[in-house]
(Lines give C-alpha, C1' and ligand atoms only; values in the text may rest on other atoms or scores of the structure.)
Protein backbone atom coordinates (compact mmCIF):
# COMPACT_ATOMS: atom_id res chain seq x y z
CA UNK A 1 0.00 0.00 0.00
CA UNK A 2 1.45 3.30 -1.07
CA UNK A 3 1.99 5.91 1.58
CA UNK A 4 0.56 9.33 0.98
CA UNK A 5 3.22 11.92 0.45
CA UNK A 6 2.98 14.76 2.95
CA UNK A 7 1.84 18.00 1.40
CA UNK A 8 4.40 20.72 1.38
CA UNK A 9 3.37 23.84 3.22
CA UNK A 10 4.08 26.84 1.05
CA UNK A 11 5.19 29.92 2.98
CA UNK A 12 2.66 32.75 2.91
CA UNK A 13 3.43 35.41 0.30
CA UNK A 14 5.22 38.48 1.52
CA UNK A 15 2.94 41.49 1.72
CA UNK A 16 4.29 45.00 1.57
CA UNK A 17 2.60 48.31 2.15
CA UNK A 18 3.26 50.77 -0.66
CA UNK A 19 3.25 54.54 -0.55
CA UNK A 20 1.77 56.79 -3.19
CA UNK A 21 1.19 60.51 -3.58
CA UNK A 22 -2.29 62.01 -3.74
CA UNK A 23 -3.09 65.63 -4.50
CA UNK A 24 -6.38 67.34 -3.82
CA UNK A 25 -6.45 70.03 -6.50
CA UNK A 26 -7.50 73.71 -6.20
CA UNK A 27 -10.97 73.15 -7.66
CA UNK A 28 -12.05 70.87 -4.78
CA UNK A 29 -9.99 72.15 -1.88
CA UNK A 30 -13.28 72.96 -0.11
CA UNK A 31 -14.16 69.25 -0.32
CA UNK A 32 -10.85 68.09 1.20
CA UNK A 33 -12.33 66.70 4.44
CA UNK A 34 -14.95 64.76 2.48
CA UNK A 35 -12.34 63.30 0.11
CA UNK A 36 -10.00 62.39 2.97
CA UNK A 37 -12.85 60.51 4.64
CA UNK A 38 -13.38 58.49 1.45
CA UNK A 39 -9.63 57.78 1.34
CA UNK A 40 -9.61 56.44 4.89
CA UNK A 41 -12.74 54.34 4.34
CA UNK A 42 -11.04 52.81 1.28
CA UNK A 43 -8.39 51.32 3.56
CA UNK A 44 -5.61 53.87 3.15
CA UNK A 45 -3.55 55.40 5.93
CA UNK A 46 -2.51 59.04 5.58
CA UNK A 47 1.17 59.13 6.55
CA UNK A 48 1.91 62.75 5.70
CA UNK A 49 -0.19 65.77 4.81
CA UNK A 50 0.51 69.36 3.93
CA UNK A 51 -1.36 72.28 2.40
CA UNK A 52 0.66 74.40 0.01
CA UNK A 53 0.37 76.87 -2.84
CA UNK A 54 2.75 76.08 -5.69
CA UNK A 55 4.17 78.69 -8.03
CA UNK A 56 3.82 78.19 -11.82
CA UNK A 57 7.53 77.30 -11.91
CA UNK A 58 7.10 74.64 -9.21
CA UNK A 59 4.12 73.19 -11.07
CA UNK A 60 6.22 73.06 -14.24
CA UNK A 61 8.87 71.10 -12.38
CA UNK A 62 6.32 68.73 -10.85
CA UNK A 63 4.67 68.03 -14.23
CA UNK A 64 7.97 67.97 -16.16
CA UNK A 65 6.98 64.69 -17.86
CA UNK A 66 4.03 66.52 -19.48
CA UNK A 67 6.20 69.32 -20.88
CA UNK A 68 5.56 70.07 -24.54
CA UNK A 69 1.96 68.88 -24.56
CA UNK A 70 -0.74 71.33 -25.64
CA UNK A 71 -2.43 71.36 -22.25
CA UNK A 72 0.79 71.96 -20.31
CA UNK A 73 0.42 75.77 -19.91
CA UNK A 74 -3.21 75.40 -18.82
CA UNK A 75 -2.26 72.63 -16.40
CA UNK A 76 0.45 74.63 -14.65
CA UNK A 77 -1.75 77.74 -14.54
CA UNK A 78 -4.59 75.76 -12.97
CA UNK A 79 -2.43 73.93 -10.44
CA UNK A 80 -0.86 77.21 -9.31
CA UNK A 81 -4.20 79.06 -9.14
CA UNK A 82 -4.85 78.15 -5.52
CA UNK A 83 -3.76 75.95 -2.62
CA UNK A 84 -3.60 72.19 -2.90
CA UNK A 85 -3.34 69.40 -0.32
CA UNK A 86 -0.60 66.82 -0.74
CA UNK A 87 -1.03 63.43 0.96
CA UNK A 88 1.23 60.42 1.27
CA UNK A 89 -1.07 57.41 1.29
CA UNK A 90 -0.17 53.89 2.35
CA UNK A 91 -1.73 50.46 2.04
CA UNK A 92 -1.09 47.19 0.24
CA UNK A 93 -0.75 47.95 -3.51
CA UNK A 94 -1.45 51.61 -2.77
CA UNK A 95 -0.55 52.85 -6.25
CA UNK A 96 -2.96 50.55 -8.08
CA UNK A 97 -5.76 50.98 -5.53
CA UNK A 98 -5.49 54.78 -5.56
CA UNK A 99 -5.52 54.88 -9.37
CA UNK A 100 -8.63 52.71 -9.31
CA UNK A 101 -10.32 54.92 -6.71
CA UNK A 102 -9.69 58.18 -8.60
CA UNK A 103 -10.68 56.85 -12.03
CA UNK A 104 -9.76 58.06 -15.56
CA UNK A 105 -8.12 61.46 -16.00
CA UNK A 106 -11.04 62.84 -18.02
CA UNK A 107 -13.89 63.45 -15.59
CA UNK A 108 -16.52 63.20 -18.34
CA UNK A 109 -15.23 59.78 -19.34
CA UNK A 110 -14.96 58.79 -15.67
CA UNK A 111 -18.67 59.48 -15.16
CA UNK A 112 -19.45 57.14 -18.05
CA UNK A 113 -17.10 54.28 -17.18
CA UNK A 114 -16.30 54.70 -13.44
CA UNK A 115 -19.22 56.63 -11.92
CA UNK A 116 -18.13 55.83 -8.34
CA UNK A 117 -14.61 57.22 -8.82
CA UNK A 118 -13.46 60.48 -7.23
CA UNK A 119 -12.93 62.18 -10.58
CA UNK A 120 -16.43 61.25 -11.68
CA UNK A 121 -17.92 62.65 -8.47
CA UNK A 122 -15.79 65.76 -7.98
CA UNK A 123 -14.16 66.54 -11.34
CA UNK A 124 -15.63 68.72 -14.06
CA UNK A 125 -13.23 68.23 -17.02
CA UNK A 126 -10.01 66.53 -18.07
CA UNK A 127 -8.06 69.43 -16.53
CA UNK A 128 -10.18 70.15 -13.47
CA UNK A 129 -10.36 66.53 -12.40
CA UNK A 130 -10.18 67.02 -8.63
CA UNK A 131 -7.30 64.70 -7.66
CA UNK A 132 -3.92 63.44 -8.74
CA UNK A 133 -2.29 60.04 -8.27
CA UNK A 134 1.16 58.65 -9.00
CA UNK A 135 1.39 56.38 -12.04
CA UNK A 136 4.10 53.99 -10.82
CA UNK A 137 6.48 53.29 -7.95
CA UNK A 138 9.27 55.39 -9.50
CA UNK A 139 6.83 58.23 -10.14
CA UNK A 140 5.52 58.02 -6.58
CA UNK A 141 9.06 58.15 -5.24
CA UNK A 142 9.86 61.30 -7.24
CA UNK A 143 6.56 63.02 -6.47
CA UNK A 144 6.66 62.29 -2.74
CA UNK A 145 10.21 63.63 -2.58
CA UNK A 146 9.04 66.74 -4.43
CA UNK A 147 6.17 67.46 -2.05
CA UNK A 148 7.84 66.12 1.10
CA UNK A 149 11.62 66.63 0.76
CA UNK A 150 13.67 64.16 2.79
CA UNK A 151 11.01 61.44 2.86
CA UNK A 152 12.24 57.84 2.80
CA UNK A 153 10.36 55.80 0.22
CA UNK A 154 10.46 52.08 0.95
CA UNK A 155 7.82 49.35 1.02
CA UNK A 156 6.66 48.61 4.56
CA UNK A 157 6.74 44.86 5.31
CA UNK A 158 3.75 43.11 6.89
CA UNK A 159 3.11 39.69 8.40
CA UNK A 160 5.92 37.17 7.93
CA UNK A 161 7.94 39.74 6.00
CA UNK A 162 7.82 42.08 8.99
CA UNK A 163 8.95 39.29 11.33
CA UNK A 164 11.79 38.44 8.97
CA UNK A 165 12.84 42.09 8.78
CA UNK A 166 12.80 42.48 12.57
CA UNK A 167 14.77 39.28 13.18
CA UNK A 168 17.43 40.18 10.60
CA UNK A 169 17.86 43.91 10.99
CA UNK A 170 16.34 45.14 14.26
CA UNK A 171 16.58 42.45 16.95
CA UNK A 172 20.39 41.89 16.82
CA UNK A 173 21.15 45.59 17.34
CA UNK A 174 18.45 46.00 19.97
CA UNK A 175 19.64 42.92 21.87
CA UNK A 176 23.22 44.19 21.88
CA UNK A 177 22.04 47.56 23.15
CA UNK A 178 19.94 46.07 25.94
CA UNK A 179 22.84 43.81 26.97
CA UNK A 180 25.16 46.80 27.19
CA UNK A 181 22.49 48.72 29.10
CA UNK A 182 22.36 45.97 31.74
CA UNK A 183 26.14 46.11 32.10
CA UNK A 184 26.38 49.90 32.37
CA UNK A 185 23.26 50.50 34.51
CA UNK A 186 23.03 54.23 33.70
CA UNK A 187 20.91 56.63 35.77
CA UNK A 188 18.72 57.47 32.76
CA UNK A 189 18.37 54.15 30.89
CA UNK A 190 15.96 55.49 28.24
CA UNK A 191 18.22 58.33 27.13
CA UNK A 192 21.30 56.11 27.31
CA UNK A 193 19.70 53.44 25.13
CA UNK A 194 18.47 56.02 22.62
CA UNK A 195 21.98 57.50 22.32
CA UNK A 196 23.52 54.01 22.05
CA UNK A 197 21.16 53.03 19.22
CA UNK A 198 21.98 56.22 17.34
CA UNK A 199 25.72 55.66 17.75
CA UNK A 200 25.47 51.98 16.78
CA UNK A 201 23.04 52.26 13.88
CA UNK A 202 24.21 49.46 11.50
CA UNK A 203 22.92 51.43 8.49
CA UNK A 204 24.99 54.51 9.34
CA UNK A 205 28.56 54.81 8.03
CA UNK A 206 31.23 54.83 10.74
CA UNK A 207 33.74 57.66 10.77
CA UNK A 208 37.29 56.82 11.86
CA UNK A 209 40.00 59.49 11.80
CA UNK A 210 38.05 61.56 9.32
CA UNK A 211 37.58 58.70 6.86
CA UNK A 212 34.11 57.35 6.14
CA UNK A 213 34.03 53.56 6.13
CA UNK A 214 31.10 51.26 5.44
CA UNK A 215 30.83 47.60 6.22
CA UNK A 216 30.06 45.45 3.18
CA UNK A 217 28.13 42.27 3.72
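The values are calculated or read from the model by the stated rules, or taken from the named source; none is laboratory data. For clarity, every value in this text was computed on a predicted model and none was experimentally measured. When we count neighbours, we look across all protein chains shown, and the Cβ atoms used for this are built from the backbone with ideal geometry, even at glycine.
Some points to look at:
- Condition met for residue 107 (free of Cβ contacts under 8 Å to residues at least 60 places away in the same chain and closer than 21 Å to residue 46 by Cα): no
- Answer residue from segment 125-140, given it is at pLDDT below 90 and more than 10 Å from residue 20 (Cβ to Cβ) and is nearest to the chain's Cα centre (by Cα) among those: 138
- Answer residue from segment 92-112, given it is surrounded by 19 or more Cβ atoms within 10 Å (Cβ to Cβ) and farther than 10 Å from residue 22 by Cα and is nearest to the chain's Cα centre (by Cα) among those: 94
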